[in-house]
1. Considering only the stretch 93-108, state which residues are part of a loop (DSSP other than H, G, I, E, B) and surrounded by 15 or more Cβ atoms within 10 Å (Cβ to Cβ).
2. Only one of these is in the same structural domain as Phe74 (by TED's automatic domain parsing), in contact (Cβ under 8 Å) with a residue 12 or more places away in the chain, in a helix (DSSP H, G or I) and closer than 20 Å to Ala245 by Cβ: Ala143, Ala186, Ala122, Ala112. Name it.
3. Would you please name the residue that is farthest from Asp211 (Cα to Cα), looking only at residues in the stretch 73-85 that are of a type in the set (A, V, I, L, M) and free of Cβ contacts under 8 Å to residues at least 40 places away in the same chain?
4. The conditions are (1) under 27 Å from Arg152 (Cβ atoms); (2) modelled with pLDDT under 95; (3) outside any helix (DSSP H, G or I), and Glu249 fails exactly one of them. Which is it?
5. Quick one: count up the residues across the stretch 109-144 that are surrounded by 22 or more Cβ atoms within 10 Å (Cβ to Cβ), under 14 Å from the mean Cα position of the chain (by Cα) and of a type in the set (Ser, Thr, Tyr).
6. Assess whether Pro232 counts as being modelled with pLDDT of 90 or more, loosely packed, with under 12 Cβ neighbours inside 10 Å and not in a helix (DSSP H, G or I).
7. Give the residue that is nearest to the chain's Cα centre (by Cα), with candidates limited to residues of the stretch 1-60 that are among the small types (Gly, Ala, Ser) and assigned to a strand (DSSP E or B).
8. Is one or more of the residues making up the stretch 63-72 within 24 Å of the chain's Cα centre (by Cα) and either over 23 Å from Thr138 (Cα atoms) or free of Cβ contacts under 8 Å to residues at least 12 places away in the same chain (or both)?
Amino acid sequence: MRSMQTAMPILSREHIRPGDRVCAAISGGADSVALLLLLHAANALPRTALGVGLSAVHVHHGLRGEEADQDLAFVEALCLRLQVPLHVHRVSVPERLAHSRADGQPETTEEAARALRYQCFARLIAEGHADSVLTAHTLDDQAETVLMKFLRGAWTEGLSGIHPVVYLRGTGNREQGGRILRPLLAVRRAELEEYLRAQNQPWRIDSSNADEAFTRNRVRRHLLPILREYNPAIDTALANLAELARDDEARWQAELGRLLPQLLLPGKPVRGGGRAVATTPAQSTSVAVEIDRLRGLDPALRRRVLRAAARRLGARLSFDDTARLLALAGFASGPDSAADSAPAAAAAGSRPGASLHLAGGLRARRTARELHLSRVE
């Protein structure tokens with residue numbers, strides 16, 4: 001009787017097409033178990049079935065010893081009961097962490113685990129086992145992610161949080177698949193747990209979720225409860241912020257796609273006119289933008305153009321480095337930045353010949369007419 005009284009959580013079908021081969025990522029935790037059950041149930045509906053080929057994937061990260069082995073055994077038994085084909089991938093997070101430290105680019109355990117997990121997903125798709133991999137991220141995950149990004153000082157794209165669909169490189173184009181889908185982003189974690197209880201379906205508890213060495217756990221257990229005292233709907237507010245940031249970022253990226261070919265100049269100017277550029281885009285190590293063209297842009301677009309120029313060279317600019325670049329080009333970056341004028345261009349440190357060394361091997365140099373960026377490995 002209890003299962004009849006509990007509403008089934010809403011599984012978004014927006015990016016799921018009949019005939020797709022979809023693979024549910026399942027760890028054994030409540031969210032992923034609910035995702036698999038919901039997909040299995042939706043695929044069996046008599047009149048509105050999903051009409052997809054359903055499988056599952058479990059990634060054993062080489063962490064938590066016997067507990068992780070029991071997670072795998074639980075997932076295998078569940079998939080066997082549901083008659084859902086299961087792909088099992090074994091990876092080693094400790095080994096990746098060791099390599100990252102040796103390379104001088106240390107990762108956190110969370111970063112290493114996520115990178116290896118998504119490598120497995122990409123391999124599944126590239127090998128033709130699935131068109132899309134579905135993960136069980138919830139509204140709670142979205143709220144935690146946005147708050148963590150905010151605390152770290154993220155730009156708009158960071159505040160967009162977890163995207164409902166992500167296209168993987170090298171696994172197909174936007175029409176042919178190669179996607180990670182998050183069909184439960186509008187659903188609360190508590191709703192999924194209630195659904196599982198109504199189905200008398202157990203799930204596994206990951207002991208690392210109680211480890212407060214992980215930032216997400218501290219945010220979940222301490223910070224969000226405090227914020228809910230000020231706004232009981234803070235989780236939804238943060239999820240809404242992510243959607244707004246996503247839409248804003250998509251609009252900006254479309255605008256940048258239109259403007260950047262007109263604004264960014266490859267290579268260096270040479271005597272007699274023209275520019276010296278690399279023979280292939282992959283060899284390009286420098287780019288420039290004319291100061292006068294920057295002056296014609298509003299502050300928001302000006303900042304994004306500089307960040308896009310740095311990304312073209314494989315570098316990412318922090319807020320402070322972007323402000324330093326703006327100052328080098330002769331523009332203020334504070335509240336008065338809209339009033340940039342010729343006197344500002346003569347400020348100390350923005351004269352022709354001035355230069356900056358930025359993070360990630362990025363170098364900036366001011367000439368009489370251009371701001372020149374280059375990348376040094």
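The values are calculated or read from the model by the stated rules, or taken from the named source; none is laboratory data. What you see is a predicted model; the values in this text were computed from it and never measured. Glycine also receives a Cβ, built like all others from the backbone with ideal geometry; neighbour counts cover every protein chain displayed.
1. Correct list: Glu107 only.
2. It is Ala143.
3. Per the criteria, the residue is Leu80.
4. (3)
5. Of the residues in that region, 1 qualify.
6. So Pro232 fits the description; yes.
7. Ala25
8. Yes, some residue in the stretch 63-72 is within 24 Å of the chain's Cα centre (by Cα) and either over 23 Å from Thr138 (Cα atoms) or free of Cβ contacts under 8 Å to residues at least 12 places away in the same chain (or both).
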